[in-house]
Amino acid sequence: MSQEYIPPKVWKQEANNGGQFANINRPSAGSTHEKSLPKGQHPFQLYSLATPNGVKVTVMFEELLALGIKEAEYNAHLIKITEGDQFSSGFVEINPNSKIPALIDNSEGDSIRVFESGSILLYLAEKFNSFLPKEIEKKTEVLNWLFWQMGSAPYLGGGFGHFYNYAPEKIKYCIDRFTMETKRQLDVLDKNLENRKYIAGDEYTIADIAIWPWYGVLVQGNLYNAEEFIDAKSYKNLLRWAKLIGERPAVRRGVVVNRVWGDEGQQLPERHSEEDFKKIILEKK
């Protein structure tokens with residue numbers, strides 16, 4: 001048993017606190033260096049990385065383009081979070097919270113900044129009248145699940161994912177605590193999908209786009225390598241839904257944008273036009 005940690009009266013950050021992201025974590029906000037962001041020719045400038053939160057937005061853009069909405073063309077610029085790109089002056093100007101993804105919309109005359117993945121999905125859905133029902137009851141149900149995801153994902157990513165996959169020390173209490181909560185959330189989704197094709201009903205919406213990169217990818221074994229540990233096969237309704245979403249052509253395109261790890265054939269560090277997808281192999285998940 002490790003020695004019990006006794007919290008100090010006033011907490012102070014230790015220089016070597018361990019963990020994969022120790023070199024960029026800090027208890028203060030603001031930029032650490034001056035650097036402007038690149039700009040492309042399209043109305044939308046996305047600054048991101050293909051983490052689950054980043055994938056939400058690239059999938060959304062690809063789904064909009066698949067509908068034939070040419071006004072949704074975008075440039076996707078790579079933000080290397082392990083190198084601290086999110087702390088540049090240019091990025092902090094768009095998102096003072098220094099988290100990806102961050103978006104600039106230049107189509108309205110004055111540039112509009114949008115940050116937080118859920119806010120970006122809602123912004124684009126309302127702007128293009130897509131993937132969000134107009135009827136108040138159906139729209140509210142979609143928003144229920146969108147905000148559920150935004151509130152729940154920190155337990156999955158920052159809790160379970162961190163202590164199970166990234167923490168330098170395996171702490172039983174932490175892993176047990178967050179595994180229990182993750183499995184409860186998976187059960188919430190599985191029960192919801194028992195009599196529904198999609199998360200909010202019979203219609204594919206931003207609720208599906210928000211939830212799939214986290215929970216769908218997790219039960220398919222492509223997040224934290226934890227599918228056996230969490231007994232993913234027991235969530236049959238969730239697995240059915242995850243497969244359905246993962247087979248969408250726009251999803252298969254969106255997951256590779258701003259991706260810089262794994263199979264090189266599945267990496268598209270930056271996306272500036274549809275032609276860029278000719279460089280990679282789009283596989284069904």
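All of the numbers you see were taken from the coordinates with simple rules; none came from a lab. None of the values given here were measured: they were computed from a predicted structure. As a convention, Cβ positions derive from the backbone with ideal geometry for all residues, glycine included, and neighbour counts pool all protein chains shown.
Taking a sphere under 15 Å around the Cβ of Lys138 and counting the other residues whose Cβ falls inside, with K and R at +1 and D and E at -1, yields a net charge of -3. For the chain, hydrophobic long helices are taken as DSSP H runs at least 18 Å long by C-alpha position along their axis with mean Kyte-Doolittle hydropathy of 0.0 or more; these are 52-66. A helix-only calculation puts the chain at -10500 deg cm²/dmol for mean residue ellipticity at 222 nm, using -39500 (n - 2.57) for each DSSP H run of at least four residues, averaged over all residues.
Anisotropy class assigned to segment 97-155 is oblate, per the alpha carbon gyration tensor with a/c at or over the 1.5 cut-off and a/b no larger than b/c.
Please state the relative contact order of segment 136-254 as a whole percent: Cα pairs under 8 Å, 6+ residues apart? Rounded, it is 25 percent for segment 136-254. Comparing mean-square fluctuations of Thr32, Thr182, Thr205 from a GNM of the chain with C-alpha springs under 10 Å, the top value falls on Thr32. Positive-end ranking of Gln185, Gln220, Gly151 along the dipole of segment 136-254, with charges on Cβ about the Cα centre, is headed by Gln220. Were the residues from Asn129 through His33 laid out at 0.36 nm apart, the gain over their Cα-Cα distance would be 30.7 nm.
Counting only DSSP beta bridges with both residues in the chain, the antiparallel share comes to about 60 percent.
Under unit Cβ charges (Lys, Arg +1; Asp, Glu -1), what dipole magnitude, rounded to 20 debye, does segment 136-254 have relative to its Cα centre? Value, rounded to 20: 180 debye.
With a ≥ b ≥ c the root eigenvalues of the C-alpha gyration tensor of segment 165-285, is it rounded (a/c under 1.5), prolate (a/b larger than b/c) or oblate? It comes out oblate by the Cα gyration axes.
Annotation: the residues Trp11, Trp214, sorted from fewest to most other C-beta atoms within 10 Å of their own C-beta, follow the order Trp11, Trp214.
Our estimate of slack between Ile112 and Gln266, defined as 0.36 nm per intervening residue step minus the Cα-Cα distance, is 52.3 nm.
Basic side chains Lys and Arg get +1 at the Cβ, acidic Asp and Glu get -1 at the Cβ, and with that the dipole of the chain about its Cα centre reaches some 460 debye. Mind checking which of Gly68, Leu124, Leu49 is farthest towards the positive end of segment 14-146's charge dipole, using Cβ charges of +1 (Lys, Arg) and -1 (Asp, Glu) about the Cα centre? Of the options given, the answer is Leu49. Among residues other than Glu34 with Cβ under 15 Å from its Cβ, the summed charge is -1 (Lys and Arg +1, Asp and Glu -1). The shape of the chain comes out oblate: with a ≥ b ≥ c from the C-alpha gyration tensor, a/c is at least 1.5 while a/b does not beat b/c.
Comparing mean-square fluctuations of His272, His42, His33 from a GNM of the chain with C-alpha springs under 10 Å, the top value falls on His33. The ranking of Val255, Val57 from fewest to most other beta carbons within 10 Å of each one's beta carbon is Val255, Val57. At R0 = 35 Å, how high is the FRET efficiency between Asn225 and Glu83 if r is their beta carbon distance? Nearest 0.05 is fine. Once rounded, the FRET efficiency stands at 0.90. Taken about its Cα centre, segment 73-170 carries a charge dipole of roughly 280 debye when the Cβ of each Lys and Arg holds +1 and the Cβ of each Asp and Glu holds -1.
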